[in-house]
């Protein structure tokens, strides 16, 4: 049997590189589920803030997902010329998804602050690539005028909103402010993302 010419072989699909991030909201208890869900589609790396670790069991995350914390930001940097983690992650990722996005981290991003690994990544983000945010907070915090201003500000930057939902909240109140379900987050991101041939993921360095 004649061998199939190299040009006739079907190229393997390129898996998008997805950076999932969690900030300090009770909804971070769903971060494990989110990581497992996105792994079905792409290569996943995770970034978590210090406060989010109150709600995340690191040992329960998929073993193939590399988890980065604030302690990793400068731990590998020894001299000028060494890699800077938030820049390397910004280059690596095709998509950034922040779920949950707390009121505090939302305010930091809207104000341009960059005092931890996650906010440094956002400050350096290339907005030609998708950035999705899934806010999660108490209804009173969601309805605060600052929240609308901050959401409008990051929307103007290019962030896409995954709206919160109405349900019984962790504090016991019933109202809007719960993070969108992981399945909704996943489906929204996947359906709106370009096909692999239209992204840069086949040409970027994959060393992270």
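Quick notes
A quick yes/no check of all residues on (1) more than 18 Å from residue 189 (Cβ to Cβ); (2) touching a residue at least 40 places away in the same chain (Cβ under 8 Å):
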position	(1), (2)
127	no, no
134	no, yes
140	yes, no
171	yes, no
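- Some residue of the range 161-182 being outside any helix (DSSP H, G or I) and closer than 30 Å to residue 76 by Cα: no
- Restricted to the range 135-157, and to residues there that are touching a helix residue (DSSP H, G or I) at 6+ places or on another chain (Cβ under 6 Å) and closer than 22 Å to residue 28 by Cα, the residue that is surrounded by the fewest Cβ atoms within 10 Å (Cβ to Cβ) is 141.
Taken together, the values in this text are just the output of simple stated rules run on the coordinates, not laboratory data. Small disclaimer: the values here were computed from a predicted structure and weren't measured. Cβ atoms come from the backbone with ideal geometry, glycine included; neighbour counts cover every protein chain shown.
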